[in-house]
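**Q** Structure below; questions to follow.
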Amino acid sequence: MNTTIVIPCYNEEKRLKQNEFLQFVKENPSVHFLFVNDGSKDNTLAILQQLSQQPNMHYLDIQPNGGKAEAVRKGMVYAYEKIPSDYIGFWDADLATPLYEITNFVRQFQRENYKIVTGLRLMRLGAKVKRKKTRHYLGRCFATTASVSLGLPVYDTQCGSKLYKYDVVPTLFSEPFITKWLFDVELLARYKKAFGIQNTITDVYEYPLLEWEDIHGSQVKMKDFFKAPYELFKIIKKYK
């Protein structure tokens, strides 16, 4: 089952773990990576061009910088159109979610007839999920608000690792997002509007990650949490 993972990149010159990506595709030849350069101002583009010389490695250059949401959207559409895949998803470049979890995501599709598998950062015994306390508690408050607003029992909307069956990609990613930071929530709202609440509840699976860690240098800042209520309002209003 071919899988393509979109990696949005903005100024990742010093953080991109090239060897980990190369080793993973060597061990998992059915997986492709599409690195999307989102108008980086450092040497990221040159690194991605060099990396794309290796098997299963691709890059897409977007100029100027348009933000993570648009980088992910354009990457997903490009992957759907250019790279034959059974599953297409996106992953944070800092590998806060380890690459081995991709295999676990695919297994969930094979276990049940899901359309979407999304990472769930649940701190629990037996898992190595490490989150900063402030981000964790703010995240829980937002996730509860998002769940109530969407009318869906979703626990973690903002995890940066998600995988989709190829046939739902056009429905979810063809149109630009109306929000910059909460496009994860908007994706759920789009799915709910397109396929109904009951299908959303049965088609989407939140997979509890075995490992996740806050990585220094995230593009999402604390101030962005305080923009969330207005952005959430815009989403609910558009997709009600």
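**Q** Any residue that is out of contact with any Lys or Arg (no Cβ under 7 Å at 6 or more places or on another chain), more than 29 Å from Gln198 (Cα to Cα) and of a type in the set (A, V, I, L, M, F, W, C) - is there at least one of those in segment 109-129?
**A** Within segment 109-129 (the criterion being out of contact with any Lys or Arg (no Cβ under 7 Å at 6 or more places or on another chain), more than 29 Å from Gln198 (Cα to Cα) and of a type in the set (A, V, I, L, M, F, W, C)), the answer is yes, since at least one residue qualifies.
**Q** Would you tally the residues in segment 116-148 being among the hydrophobic types (A, V, I, L, M, F, W, C) and either crowded, with 20+ Cβ neighbours inside 10 Å or within 17 Å of Asp214 (Cα to Cα) (or both)?
**A** Residues that pass the stated criteria total 9.
**Q** Return the residues of segment 177-191 that are of a type outside the set (A, V, I, L, M) and buried (at least 18 other Cβ atoms within 10 Å of the Cβ); say none if nothing qualifies.
**A** Phe177, Thr179, Trp181, Phe183, Asp184, Glu186, Arg190, Tyr191
**Q** Also: Identify the single condition in (1) of a type in the set (Ser, Thr, Tyr); (2) within 17 Å of Lys74 (Cα to Cα); (3) surrounded by 20 or more Cβ atoms within 10 Å (Cβ to Cβ) that Ser174 does not satisfy, given that it satisfies every other one.
**A** (3)
**Q** Right, something else. Give me a count of the residues in segment 116-135 that are assigned to a loop (DSSP other than H, G, I, E, B) and among the charged types (D, E, K, R).
**A** Summing the residues that are assigned to a loop (DSSP other than H, G, I, E, B) and among the charged types (D, E, K, R) in segment 116-135 gives 4.
**Q** For Tyr205, are the conditions met, namely being of a type outside the set (Asp, Glu), in contact (Cβ under 8 Å) with a residue 12 or more places away in the chain and on the phi < 0 side of the Ramachandran plot?
**A** Considered against the rule, which asks whether it is of a type outside the set (Asp, Glu), in contact (Cβ under 8 Å) with a residue 12 or more places away in the chain and on the phi < 0 side of the Ramachandran plot, Tyr205 comes out as yes.
The rows are residues; the columns are (1) closer than 23 Å to Arg121 by Cα; (2) within 17 Å of the chain's Cα centre (by Cα); (3) of a type in the set (D, E, K, R).
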{"position": "Lys41", "(1), (2), (3)": "no, no, yes"}
{"position": "Leu51", "(1), (2), (3)": "no, no, no"}
{"position": "Asn56", "(1), (2), (3)": "no, no, no"}
{"position": "Gly89", "(1), (2), (3)": "yes, yes, no"}
{"position": "Ile102", "(1), (2), (3)": "yes, yes, no"}
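**Q** Could I ask something else about it? When only residues in segment 149-165 that are of a type in the set (Ser, Thr, Tyr) and under 22 Å from Ala93 (Cβ atoms) count, which is surrounded by the fewest Cβ atoms within 10 Å (Cβ to Cβ)?
**A** Of everything passing the filter in segment 149-165, Thr157 is surrounded by the fewest Cβ atoms within 10 Å (Cβ to Cβ).
**Q** Looking at segment 209-232, can you tell me whether even one residue there is hydroxyl-bearing (Ser, Thr, Tyr) and surrounded by 18 or more Cβ atoms within 10 Å (Cβ to Cβ)?
**A** Looking for residues that are hydroxyl-bearing (Ser, Thr, Tyr) and surrounded by 18 or more Cβ atoms within 10 Å (Cβ to Cβ), one finds none in segment 209-232, hence no.
**Q** Further, regarding this structure: Looking at (1) more than 17 Å from Gln108 (Cβ to Cβ); (2) in contact with a helix residue (DSSP H, G or I) (Cβ under 6 Å, 6 or more places away or on another chain); (3) surrounded by 14 or more Cβ atoms within 10 Å (Cβ to Cβ), which is the one condition that is false for Ala194?
**A** For Ala194, the failing item is (3).
**Q** Counting only residues that are at pLDDT 95 or above and among the hydroxyl-bearing types (Ser, Thr, Tyr), which one in segment 166-214 is farthest from the chain's Cα centre (by Cα)?
**A** Thr202
The values are calculated or read from the model by the stated rules, or taken from the named source; none is laboratory data. None of the values given here were measured: they were computed from a predicted structure. All Cβ positions, even for glycine, are placed from backbone atoms using ideal geometry, and neighbour counts span all protein chains on display.
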